[in-house]
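Taking it in order: structure first as structure tokens, then the write-up.
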Amino acid sequence: SFLLLCFRSPLLTPLVVGLLLQAPFTQLSTITQPNFVLLLADDLGIGDVGCYGNDTIRTPNIDRLAKEGVKLTQHIAAAPLCTPSRAAFLTGRYPLRSGMDATNDYRVIFWNAGSGGLPPNETTFAKILQQQGYSTGLIGKWHQGVNCESRNDHCHHPLKHGFDYFYGMPFTLISDCQPTETPEMDRAFRRKLWLSTQMIGLITLTAVLGRLTGLISVQWKTLICLAGFNVLFFISWFSSYGFVRYWNCIMMRNHGITEQPMVTDRTTSLILRESISFIERNKHRPFLLFLSFLHSHTPLLTTEKFLGRSRHGLYGDNVEEMDWMVGQVLGAIDKEGLKDTTLVYFASDHGGWLERQEGKRQLGGWNGIYKGGKAMGGWEGGIRVPGIFRWPGVLPAGRVIDEPTSLMDIYPTVVHLAGGAVPQDRVIDGRDLLPLLRGTAAHSEHEFLFHYCGVHLHAVRWHQKDSGAVWKAHYVTPIFSPPGAGACYDRGFCPCFGEGVTHHEPPLLFELSQDPSEAKPLSADTEPLFDTVIRKIGRAVEEHRRTLTPVPEQLSVSNVVWKPWLQPCCGTFPFCWCDKEGDN
């Protein structure tokens, strides 16, 4: 009763709270330039992780991070696909500000030999940390482009964007990288090529038979041209299978190609080895390690040790292997005595890919209670991802924060902690998370978050801080196929515009704190604040659009198309092949 009386005292309560918070402040003031280990999964659904509710896939190391640190339950990607989401993560800006979101259906970088990519005039957090004296390394996936005008200009390469060291894939994993898997690279284009090949072949055969039987008068020159076109189309169709692996599935160390094509059986062990080696090499100076996992993107490269271990087939095996890799990296940090001076962050670039199936095999992730998934710009399942921070002695262990935060917030957070300053000549959409993580701020600095699908605004989130409500208005939603299926299974991806979407006027409105699954849209009849909320969000959209300026489209058709003169090649083009890891 005495303790209750004390805590009810208006004078003692702030004093007790202040004393409880004092230790972390003291710890932080003694640590200058902490190390950063940023762990980013690929296509991992929020429902795939134990500490976010999954009780069948085992993720003890990721769960331990949450137990020893801070877990965010409303952590939002700036885009529902790899290329734009990662551009936003690296720059702290919505991807359309840098031209890294698409007006067309080509919403990611499709080839290593495309000319689009993260523009050289963008300033990544790695570049600022590099200027602050950090050793900066990127291990794993890049998917932000390679070259602009020539094969070796490397204008989009990680080393041009603030990383001292790069080992990994300049592109992204696709099924073409695994010789035993069915190729997936632009399947619609391949179907068109094959159909054209068959049609030209049929026309040629008909013309030849007509000429031989005298039924059709056709010159031999015409027949030779038709046959030549048929051969060209056949070669294009055939090479789209064979050469994709050689042209896109490559591994690089800095500017040099080490494997072309990559040897997938050893990719996981090499990425882990490089990550641990980077920590060991830089243990005596401040460092940034961005470990950009190839897990859990298809074709789900999984070593034999983990095959068949999970209860969710190959996808579950792959997630459990990634969790083991997280444990190995954490073990290396502990071994070098860096645990208390290292901020560790874990997240996914966007939601799980619901439509990725082969027969009865589900090869994509699970997004828990949240509607939608990868490629869907508005629904929570496409953009709400795991978000975990650990920094012993500075961030409180076991803390859970249900405030809207963004992957873009990493940018100002790490820049501030490294002693740098965010650029003042451009809009930075991320917000410093440290006050929220440490408990010195009660609310996120984000009042509004804008949810894009390509360059098309699909939804807007408003955090009404005085009431705690989180309103979300959907202006555009994808049309699920088949109807009611919860995803676009007939298409493989949900589109951003055109006949595959529905425009809503007035917008669909949800209150996420009461309806996180977005199952029951509100109306003016059921929600007294409906009109007020819609007007408030509408004014925020107008204000946001005034901050946008035209920039070159990095994902335009002319930029994403394959260009032979930009193709990274180990050898003499087009005979690109090497295995320098095998030589070692």
Do you know which residues across segment 145-186 are among the hydrophobic types (A, V, I, L, M, F, W, C) and either at pLDDT 95 or above or surrounded by fewer than 19 Cβ atoms within 10 Å (Cβ to Cβ) (or both)? Val146, Cys148, Cys155, Leu159, Phe163, Phe166, Met169, Phe171, Leu173
Given the conditions (1) farther than 26 Å from Leu288 by Cα; (2) at pLDDT 95 or above; (3) open to solvent by less than 80 Å² (accessible area, probe 1.4 Å), every one holds for Val49 apart from (1)
Residue list for segment 409-420, filter: without any contact (Cβ under 8 Å) to a residue 60 or more places away in the chain and more than 21 Å from the chain's Cα centre (by Cα): His416
Would you check if Arg361 is farther than 27 Å from Gly69 by Cα and either among the basic types (Lys, Arg) or surrounded by fewer than 22 Cβ atoms within 10 Å (Cβ to Cβ) (or both)? yes
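Take Asn367 and decide whether it is touching a Ser or Thr at 6+ places or on another chain (Cβ under 9 Å), at negative phi, in the same structural domain as Arg438 (by the TED database) and among the polar types (S, T, N, Q).
no
Right, Glu259: modelled with pLDDT of 90 or more, part of a strand (DSSP E or B) and over 22 Å from the mean Cα position of the chain (by Cα) or not?
Answer is yes for this residue.
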Just checking, how many residues over segment 382-419 are over 10 Å from Leu72 (Cα atoms) and surrounded by fewer than 20 Cβ atoms within 10 Å (Cβ to Cβ)? 7
Among Lys360, Lys335, Lys339, which is more than 25 Å from Thr502 (Cα to Cα), out of contact with any helix residue (DSSP H, G or I) (no Cβ under 8 Å at 6 or more places or on another chain) and either polar (S, T, N, Q) or at pLDDT 95 or above (or both)? Lys335
Counting only residues that are of a type outside the set (A, V, I, L, M) and assigned to a strand (DSSP E or B), which one in segment 52-86 is surrounded by the fewest Cβ atoms within 10 Å (Cβ to Cβ)? Thr73
Given the condition open to solvent by less than 10 Å² (accessible area, probe 1.4 Å) and over 28 Å from Leu307 (Cβ atoms), answer yes or no: does some residue in segment 261-268 qualify? no
For a quick check of your reading: which strands (runs of 3 or more DSSP E) sit entirely within segment 420-505 and have at least 1 residues that are of a type in the set (Lys, Arg) and crowded, with 16+ Cβ neighbours inside 10 Å? 456-464, 469-478
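The values are calculated or read from the model by the stated rules, or taken from the named source; none is laboratory data. Computed from a predicted structure; not experimentally measured. Cβ atoms come from the backbone with ideal geometry, glycine included; neighbour counts cover every protein chain shown. Calculation scope for accessible area: heavy atoms of the full protein, side chains included, ligands and nucleic acids excluded. Shrake-Rupley method; radii C 1.70, N 1.55, O 1.52, S 1.80 Å.
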